[in-house]
Each structure stands twice: as C-alpha cells, then as structure tokens.
1. Give me A:S305, A:S463 sorted ascending by neighbouring Cβ count inside 10 Å, so fewest comes first.
2. Would you please state the base-10 log of I(q)/I(0) at q = 0.18 1/Å for region A:434-578, with intensities from the Debye formula using one equal scatterer on every alpha carbon?
3. Please order B:W84, B:W99 by the number of other Cβ within 10 Å, starting at the fewest.
4. Would you compute, from DSSP H runs of 4+ residues alone, the mean residue ellipticity of chain B at 222 nm, taking -39500 (n - 2.57) per run and dividing by the full residue count, rounded to the nearest 500?
5. Which whole-number percent gives the relative contact order of region A:105-194, counting Cα pairs below 8 Å spaced six or more residues apart?
6. Can you figure out the FRET efficiency of A:L412 with B:R92, using R₀ = 45 Å and their beta-carbon distance, to the nearest 0.05?
7. Given R₀ = 56 Å, FRET efficiency for A:I356-A:R221 by Cβ-Cβ distance, to 0.05?
8. For A:E163 and A:D206, what is the calculated FRET efficiency with R₀ set at 22 Å and r taken between the beta-carbons, to the nearest 0.05?
Amino acid sequence: MRKDTILKSGNDSGVLPYGGANLLARAVDGAHPREGPERLPAAAGPGFSTAAPGLSTTDPGLSTADPGLSSVAPGLFSADPGLCAVAVNVQAMLDVMPGCASWAVPLRDESGTIVDFLHLAATPEAEDIHGRRGADLVGVSTRQTYPSVVGTPLWQAFLRVVETGTSECLSGYEHVEDTDGVPHRSSYSLRIARLAGGLLNSWTRDDVGQRFEARLARTERLGNLGWGRWNLVTGEIVWSSQLYLIHGRDPADGPLTLEDYSTLVHPDDVAVIERATEMWARSPEPHEFEVRVRVGGGLRNIRVSAEATHDAAGRPLEIYGVVQDVTDWRRTADDLATANRLLEEENRLTAHLQNIIMPVQTEPYVLPGLRVSARYQPAETVAYLGGDWYQVIDLGDGDVLLAVGDVAGHGLAAASAMAKLRHAITGLAFAGHDPAQILTALNRLLCRLRPDVLATALVARYSTADRTLRWTHAGHPPMLLARGARIERLLHPGVLLGVFEDAAYTCGAVRLRPDDLLVMFTDGLIERRGRDIYEGLDLMSDALTEALRPSPTDRLAAAMEAIVPGNETDDTCLMVTQITEVTARAGRRG
Amino acid sequence: MSDLHLETSEAELSATDGGTAGVVVINGAFDHALHAPASLFLDEVFAAFGPYLILDLSGLDLLDSRAVGLIVTCWRRATDQDGWFALVGAERGATRILWITGLATRIPIFATVKDALDAQPPRDH
C-alpha cells in the first residue's frame, strides 16, 4: 500500500517529486474545486502571517502551486496570502514522512469561534476511514467530511491544542460513521501538535491492528502453534501466548531459555536439538525438526521451524521459531501406518494362503478324459482378495470333480472360509454325492455353522465313461460350453449358499463330445460397473467364438488366452476344461 | 420420523417414511467401499422405521457381492423380527446379480415403490 502511494505520487509529479506538493501544482487546472470551505466565512488564524512569504516566488516549481492551492480555498488564501506558502512548506515536510499525518488550519466564524478545520497537507500514506489517501485529503474539511467528530474528545483536543499550543496524545478514540460502505465504528490513537498556526496530527488505526492480533491468536489456537524469540545478546525472550499453552506453562513464570527448554526434551531427542543449535550457528536458513517434549505428565510431539539472524562476524544474534504441537496428528499418522502395515501383512498372508490352497500351475492338468487349465488372478483391491477358488480332482472312480466358487468377503476370514468350503465339496464328492447333493448339504452346513458366510459355487461331476456332465450352480454365473465355435450357457441355477436353510438343488446333465470346452469362472471376469453381468457373459462368449472359429490346434490354450479379466479390482478365477478322447486307463469302467 | 440421508463420493442413500414402511433409496455404486457406511446407515433405518423396509435399487449402476451380503442381512433382520422386506427396481442390469444368486426368487421384488407399498401385508401393530 505504501509502495503504491509513493508510486502514485511519483507518477503524478510533473514538477515536484512528491504527491502533496504536486497536487498544488495540478490544481492549476482547477480540476477539483472544493465546495465546502468556500461556503464558510473563514478567517485565518493569527499564526498564518508568520509564514515565510517569499517561498512561492523563489522556487519556480512552487510558483505554479499558489493559484492551485488558492482554488482549494480561495477565500482563505485571499484573506491570508502567506498561508499558501506555509501549506506548501508543511506539505514538503509531510511528503517525506511515513505513516498517517495531516496538517489542518482552523476556520473561524465572524465571532472568531473555531467552526471547522481545513486539511491543507497530508503524508503520502495518510488514509482516512473513507479510503482517501495522501493528496486526496488536501482540501478536506473536518466538519464537512467527518461531521460526527464535532463535539467528541478529539474535537475538544483539537480546540485545546490550538488554544494552548500544548501537544496532546489521544488514544482509544472511537470514531462513528453513518455513511454506507464505511466501517461504522473504528478506533484510533492520535498525536496532535500546533504547527505554523495549524494543527499537525498523526494517527494510527487501532481496530485493524486489534482485529489482526485476534485473527493471529485464533490461527495460533486452531493450528495449535505459537512462536518464540530468543535474543542471544540481550537474553530477551518473547513467547506468544499459545506457546505457553502448548508447554503447559503459566505466562507469569515467563518463557524458557533454550538451555532450560533442552532439559524438557526426551533424552533420545536431545541430539536433534544439538544439531539444530549447530545449524543456527552457521546458517541463516530456516531449520525444521521434531522432538518429544515433556509437558505435564506426558510427552508431546513438537515440530519446530526456526531460523537465526547473524552479525557480520557470523555469530547468531537471535533465534525466531514457529512451534507446533503435532501430537494428535502424529498419533493418527502412526495409527494409520500401523493399520496399513497390518493390512499389508494380512494381504500378503492371504495371497500366500491362496497359493498354498491353490498352487499356481501354468501347465494344464491332464486327467482321464480331459485337460484342464486354470488361472487365479488375485484382486488388486484388498477389499476383494481371498474369496475365489477352483477345484479339479480325479475322484478315482472314473469321475472328475470340476468346481469354482466365490466366498463373499475378503482377507484371511474369506480365504479360510474358502478353504473349508473347497475341502467340504471335495470330501462330499469323494463320498460319491452328485453336485446337487453336495450343494444341498453344504448349504445346510453353512446356514448352521457359518451364518456370516455367503458363498456361491458351480459344481460339476464329469463321468469319463459316458462323457456325461452333471452340474448345478448355486448363486453362481452359469458355465459356458464351447462346441466348435458355438457357445452355449449351461443353466441349471439354484440359490446362493448359506442363506436359505431349506434350499434344495437339482442337477442338469449334458453329454459332451471330444474337444468340447467347458468354461467356468467367477463373477470378477464378467462384472463391470454400469454393465449387466449377462452383457459381460455375452462379450466373453463373443471373444471365445472369435478365438475358436479359426480351429486352433490347441483349443484349450486359445480359450484361456481369449478370456481376460474385465475387472482388476476383484478376484477372478477361470477354469477351462477340454474333453479329450478317453484313454484306455480312464475308460476301463466303460 | 425424520428423513435420513448419506452421501459418499460414489453413492447416495436416503430413507423416507412410506407410511407403512421405510423406503430406502440407494443410488450410484453399491460396493465394498459403501459396505461400512451403508451398514451404519441401515442400522439407523431399522431404528427409525422398524423391520418394515422397501429397498429401491433402481438408481444403482453397480451392485457387487459385498452389497448382496448386506441386502441378505437386511432381509434376515426384517424377517427375524416378523417384519417385511421388499426390493424395487431390481429388474435392471446392475442388479442382475440378485437373479444369478437366486435372491430374486426369494425376496419380493416390485417395479415401483407404490406397487411395493400396495402389496405390503397389513402390519400387526
């Protein structure tokens, strides 16, 4: 703001370098005649005649100012020709002063009573409550522009200083404005002195600073951060109020020296403080660190960002630091890291368990009357890992069990449920049950023993003797049968496992031919957001048709290659079975 | 009874009083990410409306197996307390899993909430 004001003054300046005097020059145009003061029957104060009269004539630049200032208050200047020169003189002085200050002359009525003050000079940074700045304040009258001032302690002080010549300080002056768009209440500290028959007054606005301090305090409180300053030469230490709060210290006990502060630091972190001290000794760069500090009965995590100022010899003079209590944040971050570590651990364990239960086999399983390829793709999303399974096993009586399934849930719980389910199905299959009997029993078992587990499964029993497949699927997508390049769904659905204790399942049956392919899978392969699962099934069928139409030599490999997961977030399980000619060994039953 | 509402980045759940049953509408993706917040939400729904609920799924574009588990839990909870539970809008693509799992053959399904309310058996109390 200050820079802008100065630049504005400079840019305006044609003859003189500063804004106030320049306004006097600019007023030659008569561009901004002020109406207020002209209506007042003004009489100059006694001091005006003491101004140096020769100034306007000795400086070519100022000579042009005279008629300009006269246009601001022509009546006043004609009554006292020396006043203009005084105003120019005072303005030249104010032009080089920082802060808010102006010089005003009293205006008197015919009886000699002061009725107003006319501002004839102002510092470049001077700003009033209306936002007028610097040169814009020249020509402004107190009564006209700030009528609420009349009669206030400020007004009284103005009158006293004119009368007595004794300077006054006024703090906590409350200014009230009724103009729209202007702060209704504001407070000021002012200094008023008599100068050259007028009043020189400087002011600072207190409410802005108070609001700034309140905002700063709120920021410190919300961020649980404070600041401190340690002067290493004078020993002076200043702590913000929040710094006392962070350290549970009574402000009446005063701040801590750096040495005393070090005694509160956890012994393991003392080295951190020592390293920081070395940094401050040699570098002006801010240095950040975190230490544990004893506060009350416990330890707080304190993060510090501090920097040192040095003298010419490089000795540190003062250390200024911003200090934040990050205990809660640290605790949350640590908890989160622990939770993530545990999750990763469980994830690794689950994947390992999956691999133990279903070892990855890249080569197809070769069984009597069929070849089987299987692929298990663990979920990328932890939330899904661990529930999918497949099983292919020679039952030893010329039959083969083929099954895939899915346990809702994830992690070790799902993986262990999956393992139990898979073994139960295998056991029931070895006991000679058909798929419908297997799933009916399994459903009852789940409802009774694990009501928390929901599962789906497709179970098939292939008899190599007559190439008959008997199957059922409980809450599970149907398998596909590929004969040549034609794809069919083998539908014989039942309800999912573990919900309805009275559920019963029946088997479908189909006679297969050599080179037929059976495609079994879990829903991750066909499920995708915004899509009907059956659309996914159709897409998979199309891909299979495409792959099998050219009559590839290895139909099994071609089918496996054609089917890719559509949803990497979920577990996917794919098992493709190719019916082969029954070998002599496998065919001994039939 | 006040309405309940829950919004996540991927889904929106609301529950209103249908007169004789609470009507829960779930829009968006009903998947593993919604599992925990939806469980809590449905607890509140049961507390507010009792075991008489209609679940409107017509605004779903994903319904995964975890969500199926939650629907089963709701159905069990309502029927265990001698209440009534029905689904609406389960003929659409995203809810196909309800048919594949066979739940659609066991849980009553209606085209609209009004149809469901009309078909609701009289409450004992």
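Since every read-out is calculated from the coordinates, none of them should be taken as a lab result. For clarity, every value in this text was computed on a predicted model and none was experimentally measured. With ideal geometry, Cβ positions are generated from the backbone for all residues, glycine too; neighbour counts draw on all protein chains shown.
1. Final ranking by Cβ density, sparse to dense: A:S305, A:S463.
2. Result of the Debye calculation: -1.07.
3. Details: B:W84 21, B:W99 17.
Ascending Cβ contact count within 10 Å gives the list B:W99, B:W84.
4. Value at 222 nm, helices only: -11500 deg cm²/dmol.
5. Details: 130 pairs, mean separation 17.6, N = 90.
Contact order relative to length: 20 percent.
6. Approximately 0.85, to the nearest 0.05.
7. 0.50
8. For R0 = 22 Å, the calculated efficiency reads 0.25.
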